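All remarks here apply to the structure that follows.
The values are calculated or read from the model by the stated rules, or taken from the named source; none is laboratory data. Everything numeric in this text was worked out from a predicted model, so none of it was measured. Note that we place each Cβ from the backbone using ideal geometry, even for glycine, and neighbour counts take in every protein chain shown.
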Amino acid sequence: MNLFRFIPQPLKVSRRQFIRVSSLAGAGFAIGGISLPLSVSGKAAEDAPEKAVEQAGYGHFIKITPDNKVTVVIKHLDKGQGVTTGLTAIVAEELDASWEQMHWEFAPADATKYNNLFWGPVQGTGGSSSIANSWMQLRQAGAAARQLLIQAAAKKWKVSAADISVSQGRVKHTSGKSFSFGELANLAAQEIPPQNPVLKNPAQFTLIGTPHIPRIDSKEKSRGKAQYTIDVKLPGMLRAVILHPPRFGATIKSVDKTAAMKIKGVRQVVETPRGVGVIADSYWTALQARNVLKVDWDESLVEKRSSSDLWREYKDLAKKEGGVVRNDGDVNAAFNNADKTIELAFEFPYLAHATMEPLNCTVQIKGDHCEIWTGSQIQTLDQGTLAQITGLPLSNIKVNTQFAGGSFGRRAVPDSDFVLDAALIAKASGLNVPIAMQWAREDDMRGGRYRPMAYHTFKAAIDKKGNLSAWHQRVVSQSLLRGTPFEGMIQGPVDPTITEGGHTLPYHIENLKVDAHEAKVGIPILWWRSVGHTHNAFATEVFFDEVARSLEQDPVEFRLKLLKDHPRHAGVLKLAAEKAGWGKKLPANKSRGVAVHESFNSFVAQVAEVTVNKNGSFKVDKIVCAVDCGIAVTPDVIKAQMEGGIGFGLGAVLGEQITIADGKVEQSNFFDYFPMRMENMPEIEVHIVKSAEAPTGVGEPGTPPAGPAVANALRHFSKKPITVLPIGNKIDLA
Amino acid sequence: MTKFTLNGKTVTYKGDANKTLLWFVREDEGLTGSKFGCGVAMCGACTMHLNGNPVRACSTPMSAVNGATVTTIEGISSKVANAVQSAWETLDVVQCGYCQSGQIMSAVALLKNNPSPSDADIDSAMNGNLCRCATYHRIRAAIHNAASQLAKEA
């Protein structure tokens with residue numbers, strides 16, 4: 001069995017479903033036979049009164065309890081992007097609650113209630129969609145709950161609802177009397193929720209958009225109290241580690257566990273389709289036992305190529321036309337009539353997500369129930385995987401979503417690899433106690449699921465009048481979607497994630513063609529913060545600057561000229577340029593560079609300022625960022641995501657790469673894989689464009705422009721454009 | 001046998017002397033604020049104070065802590081620690097938060113030795129603490145914020 005084809009397919013997300021649900025979400029959620037996200041109706045009234053006192057439920061998104069707490073049920077994973085704060089703020093706004101009374105909890109895995117409205121019947125987090133897909137849903141829930149409180153107060157006071165207002169967590173009558181939410185909780189639970197709750201006009205917002213809504217998880221995370229998967233403690237819990245094969249796709253031939261079993265505290269050594277599991281009393285003991293395992297692997301199906309082989313093959317593939325994903329005008333004719341042409345090729349390495357919390361999952365399979373505790377990013381797929389492993393129905397599989405110590409896409413795994421490790425070990429052991437499976441950093445770094453390698457070629461034509469008349473981009477990379485439950489999202493000849501950001505190039509160019517090849521490689525890959533945009537933004541924006549340079553055009557002016565039909569791109573570009581002092585003179589050893597890119601329906605422009613030394617070493621001093629993500633729900637979280645997205649993108653461009661030698665990953669830990677550290681972090685300034693558009697995501701869009709902005713700044717000093725990543729800490733001077 | 005003071009309490013350990021302080025504290029003592037990130041002292045998520053100095057607990061063997069005083073994120077309560085933690089909260093430094101216990105332990109140690117660090121001092125004291133969310137920008141600001149808070153109180 002090829003391990004990396006071990007993919008559960010509980011649900012296919014087809015393009016049709018995708019459109020159906022998204023359009024419903026856009027038109028308001030309480031229509032088309034989908035129930036209001038507030039499911040109280042008369043049910044609480046039928047329950048015993050004491051039960052209603054215990055917990056007056058406000059549907060599956062909001063709970064208001066007699067202790068005056070408002071708890072928002074968060075259907076998305078918080079992996080640092082701040083959705084616990086953002087989603088809670090949306091409810092608090094429509095409810096007119098006070099921020100101090102707001103609480104939150106992660107939702108259980110239940111796609112019938114908590115699906116991502118952009119994804120069809122799947123509960124999950126990704127594509128910077130949490131705020132965007134929840135926006136109307138949670139506003140409606142908040143507004144409905146507010147209406148219930150008003151109805152309850154009106155009945156209690158025997159007054160007209162029109163004379164009641166709500167603000168800062170109090171329900172007030174014009175006479176001056178008032179109730180807290182807690183005081184009305186039980187009464188409100190007996191009211192019938194409105195079918196079409198009245199939403200605020202955004203001009204009436206009092207919380208959303210205020211500069212700094214305090215993060216709801218700051219305190220526990222600053223005091224060592226936040227609970228991640230690694231911190232879960234359960235009665236009788238055992239620890240487990242897994243030994244993966246040294247090459248992707250290998251399976252176990254035989255295991256000699258004699259020495260391992262002699263170590264005190266080791267309970268079991270088990271064989272699974274993904275490697276050898278060791279179960280022990282402690283992680284330390286399990287690790288010692290793993291070190292003395294002797295395993296003979298069957299490598300008949302493994303990937304044995306090296307990075308250098310892959311580059312050669314990618315470059316060969318790039319000589320031929322691939323699947324055409326965009327073809328405007330007549331590119332060939334434009335090239336035939338060109339006055340001159342410009343060509344460039346780019347190489348992007350594999351990248352690891354390297355979340356600070358090495359991946360882990362605690363699992364308990366007991367009787368006809370299976371329960372996991374993990375930072376689950378696509379709960380529905382994880383449930384599906386577990387259902388397949390255990391043979392249990394989805395409803396018997398409970399997912400306890402934990403805070404995730406980072407993800408950057410790594411936890412949204414179509415085949416749930418790290419959840420699988422835990423489940424396969426537990427199943428093979430036959431034990432019914434909780435088993436906490438923990439990867440070491442080396443397992444994480446060598447566990448695959450990298451941002452794919454990508455090779456890009458570009459050719460531009462300049463016509464006799466000096467206009468950019470044609471643009472041709474070709475990309476070679478692996479497909480993220482093919483062979484996964486998301487394959488339905490491939491509509492054209494090639495996986496659209498390979499060229500995303502490239503085939504959506506906003507510049508007005510009459511003749512524009514983008515084609516791509518899906519390379520077949522046995523190195524498992526995965527989306528990595530901003531997915532295809534990571535390499536497409538870099539390649540297109542650096543190439544664009546090369547064209548501007550050859551035409552002796554100012555990079556900002558030239559962009560603006562070709563962005564006439566794209567006001568939101570132009571808006572962020574102008575704002576970033578203005579705030580960065582674009583065009584103002586700099587000392588001789590400094591320069592600026594710019595990049596603008598749209599991803600996940602948010603628009604970001606960045607201006608980088610660099611200092612370059614005489615030996616070619618350099619420092620990124622500052623990045624000025626402008627973002628347009630529609631209505632800014634929690635501006636300080638948006639700023640934080642831009643800052644973090646820039647640091648993440650920049651770290652990768654400067655120092656990160658995963659290389660393969662004879663099928664083996666060469667890097668293993670933070671002494672040979674180099675993310676951004678404090679000393680390289682530039683100063684960052686973030687400006688948010690005021691907007692009345694519906695909010696869009698911010699987790700990913702800050703990442704793509706950072707690298708090209710820096711590369712374009714360095715170009716003022718470098719001999720050649722920067723086309724091979726990572727850059728390292730030095731450039732070849734002109 | 002190893003005997004030492006952990007957050008003001010005497011604790012003892014018998015067993016593999018190579019076992020590291022991090023796993024003893026997390027699994028045997030149940031204090032999970034200090035995190036596992038790399039196991040090789042390259043990320044700082046496990047940073048604790050050993051006799052007042054920041055150490056990487058993932059690479060500190062139990063044999064090295066006999067007689068020592070160890071403080072974890074759960075046990076810090078000094079003026080400096082309070083200033084650092086409230087600066088972290090005021091500026092909303094955290095994102096995923098996983099590395100932040102270690103960041104805070106390094107920052108507290110820095111400010112104890114150097115009440116008004118420059119950016120270069122911060123770079124050198126904090127460079128061993130990785131943050132994949134890249135909250136460095138705010139960590140720097142929070143350290144300056146805590147330093148000026150402490151200067152006001154002094």
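Restricting attention to the range A:629-640 and to residues that are touching a Gly at 6+ places or on another chain (Cβ under 6 Å) and not small (Gly, Ala, Ser), the residue that is farthest from the other protein chains (Cβ to nearest Cβ) turns out to be A:Val633. Out of the range A:326-375, which residues are part of a loop (DSSP other than H, G, I, E, B) and either at pLDDT below 95 or under 19 Å from B:Lys35 (Cβ atoms) (or both)? Within the range A:326-375, A:Ala352, A:His353, A:Ala354, A:Thr355, A:Met356, A:Glu357, A:Pro358, A:Leu359, A:Gly375 qualify. Within the range B:109-117, not a single residue is of a type in the set (A, V, I, L, M, F, W, C), free of Cβ contacts under 8 Å to residues at least 40 places away in the same chain, buried (at least 20 other Cβ atoms within 10 Å of the Cβ) and farther than 22 Å from B:Leu6 by Cα.
If you go through the range A:637-649 and keep only what is closer than 30 Å to A:Met136 by Cα, touching a Ser or Thr at 6+ places or on another chain (Cβ under 9 Å) and either without any contact (Cβ under 8 Å) to a residue 60 or more places away in the chain or surrounded by fewer than 20 Cβ atoms within 10 Å (Cβ to Cβ) (or both), you end up with just A:Glu643. Tell me yes or no: at least one residue of the range B:18-27 is within 11 Å of another protein chain (Cβ to nearest Cβ), touching a residue at least 24 places away in the same chain (Cβ under 8 Å) and in a strand (DSSP E or B). Yes, the range B:18-27 contains at least one residue that is within 11 Å of another protein chain (Cβ to nearest Cβ), touching a residue at least 24 places away in the same chain (Cβ under 8 Å) and in a strand (DSSP E or B). Within the range A:91-175, considering only strands (runs of 3 or more DSSP E) that don't extend past its boundaries, which have at least 2 residues that are of a type in the set (Asp, Glu), buried (at least 24 other Cβ atoms within 10 Å of the Cβ) and in contact with a Pro (Cβ under 7 Å, 6 or more places away or on another chain)? Result: empty, no element qualifies.
Would you call A:Leu381 away from chain B (no Cβ under 14 Å), among the aliphatic types (A, V, I, L, M) and either touching a Lys or Arg at 6+ places or on another chain (Cβ under 9 Å) or not in a loop (DSSP other than H, G, I, E, B) (or both)? Against the criterion (away from chain B (no Cβ under 14 Å), among the aliphatic types (A, V, I, L, M) and either touching a Lys or Arg at 6+ places or on another chain (Cβ under 9 Å) or not in a loop (DSSP other than H, G, I, E, B) (or both)), A:Leu381 qualifies.
So is A:Lys619 closer than 17 Å to A:Met681 by Cα and within 25 Å of the chain's Cα centre (by Cα) or not? The answer is no for A:Lys619.
Selection of the range A:273-291 for residues being surrounded by fewer than 16 Cβ atoms within 10 Å (Cβ to Cβ) and in contact (Cβ under 8 Å) with a residue 24 or more places away in the chain yields A:Pro273, A:Asp281.
Yes or no, residue by residue, for (1) more than 30 Å from the chain's Cα centre (by Cα); (2) within 30 Å of A:Pro358 (Cα to Cα):
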residue	(1), (2)
A:Gln140	no, no
A:Lys158	yes, no
A:Val166	yes, no
A:Gly176	yes, no
A:Thr210	no, no
A:Asp217	no, yes
A:Gly236	yes, yes
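Is at least one residue of the range B:106-119 of a type in the set (A, V, I, L, M, F, W, C), at the interface with chain A (Cβ under 10 Å from one of its Cβ atoms) and part of a helix (DSSP H, G or I)? No, that holds for no residue.
Tell me, which residue of the range A:650-685 that is assigned to a helix (DSSP H, G or I) and at the interface with another protein chain (Cβ under 9 Å from one of its Cβ atoms) is surrounded by the most Cβ atoms within 10 Å (Cβ to Cβ)? Ranking the qualifying residues of the range A:650-685, first place goes to A:Leu650.
Filtering the range A:57-82 to residues that are surrounded by fewer than 24 Cβ atoms within 10 Å (Cβ to Cβ) and either within 14 Å of chain B (Cβ to nearest Cβ) or charged (D, E, K, R) (or both) leaves A:Lys63, A:Asp67, A:Lys69. Summed over the range A:487-508, the residues that are part of a loop (DSSP other than H, G, I, E, B) and more than 13 Å from A:Val531 (Cβ to Cβ) give a count of 10.
Residue count for the range A:428-475 satisfying the condition of being within 30 Å of A:Gly391 (Cβ to Cβ), within 28 Å of the chain's Cα centre (by Cα) and part of a loop (DSSP other than H, G, I, E, B): 4. So for the range A:210-218 (the condition being assigned to a loop (DSSP other than H, G, I, E, B), outside the structural domain of A:Gly630 (by TED's automatic domain parsing), free of Cβ contacts under 8 Å to residues at least 24 places away in the same chain and hydroxyl-bearing (Ser, Thr, Tyr)), does at least one residue qualify? The answer is no; no qualifying residue exists. Filter the range B:52-81 down to residues that are within 12 Å of chain A (Cβ to nearest Cβ) and either in a loop (DSSP other than H, G, I, E, B) or under 12 Å from B:Ile143 (Cα atoms) (or both) and give me whichever is farthest from the chain's Cα centre (by Cα). Taking the candidates together, the pick is B:Ser77.
Would it be correct to say that B:Glu89 is in contact (Cβ under 8 Å) with a residue 60 or more places away in the chain and at the interface with another protein chain (Cβ under 7 Å from one of its Cβ atoms)? No; evaluated as a whole, the condition is false for this residue. Restricted to the range A:242-285, and to residues there that are among the polar types (S, T, N, Q) and away from every other protein chain (no Cβ under 14 Å), the residue that is farthest from the chain's Cα centre (by Cα) is A:Thr258.
Just wondering, is there one or more residues in the range B:124-132 that are under 11 Å from the mean Cα position of the chain (by Cα), more than 21 Å from A:Gly406 (Cβ to Cβ) and within 11 Å of chain A (Cβ to nearest Cβ)? The answer is no, given that none of the residues of the range B:124-132 is under 11 Å from the mean Cα position of the chain (by Cα), more than 21 Å from A:Gly406 (Cβ to Cβ) and within 11 Å of chain A (Cβ to nearest Cβ). Of all residues in the range A:91-99, none satisfies being within 17 Å of A:Thr374 (Cα to Cα) and hydroxyl-bearing (Ser, Thr, Tyr). Filtering the range A:236-249 for residues that are in contact with a Lys or Arg (Cβ under 7 Å, 6 or more places away or on another chain) and without any contact (Cβ under 8 Å) to a residue 60 or more places away in the chain leaves a non-empty set.
Restricted to the range A:64-87, and to residues there that are in contact with a helix residue (DSSP H, G or I) (Cβ under 7 Å, 6 or more places away or on another chain) and part of a helix (DSSP H, G or I), the residue that is nearest to A:Asn400 (Cα to Cα) is A:Val83. Residues considered: A:Ala189, A:Ala203, A:Ala185. Of these, the only one that is farther than 30 Å from B:Thr72 by Cβ, aliphatic (A, V, I, L, M), away from chain B (no Cβ under 14 Å) and loosely packed, with under 15 Cβ neighbours inside 10 Å is A:Ala203.
For B:Arg140, the requirement of being within 26 Å of A:Phe671 (Cβ to Cβ), within 14 Å of chain A (Cβ to nearest Cβ), out of contact with any His (no Cβ under 6 Å at 6 or more places or on another chain) and surrounded by 22 or more Cβ atoms within 10 Å (Cβ to Cβ) is not met. Go through the range A:470-503 and count every residue that is of a type outside the set (Asp, Glu) and farther than 18 Å from A:Val413 by Cβ. Here the count works out to 19.
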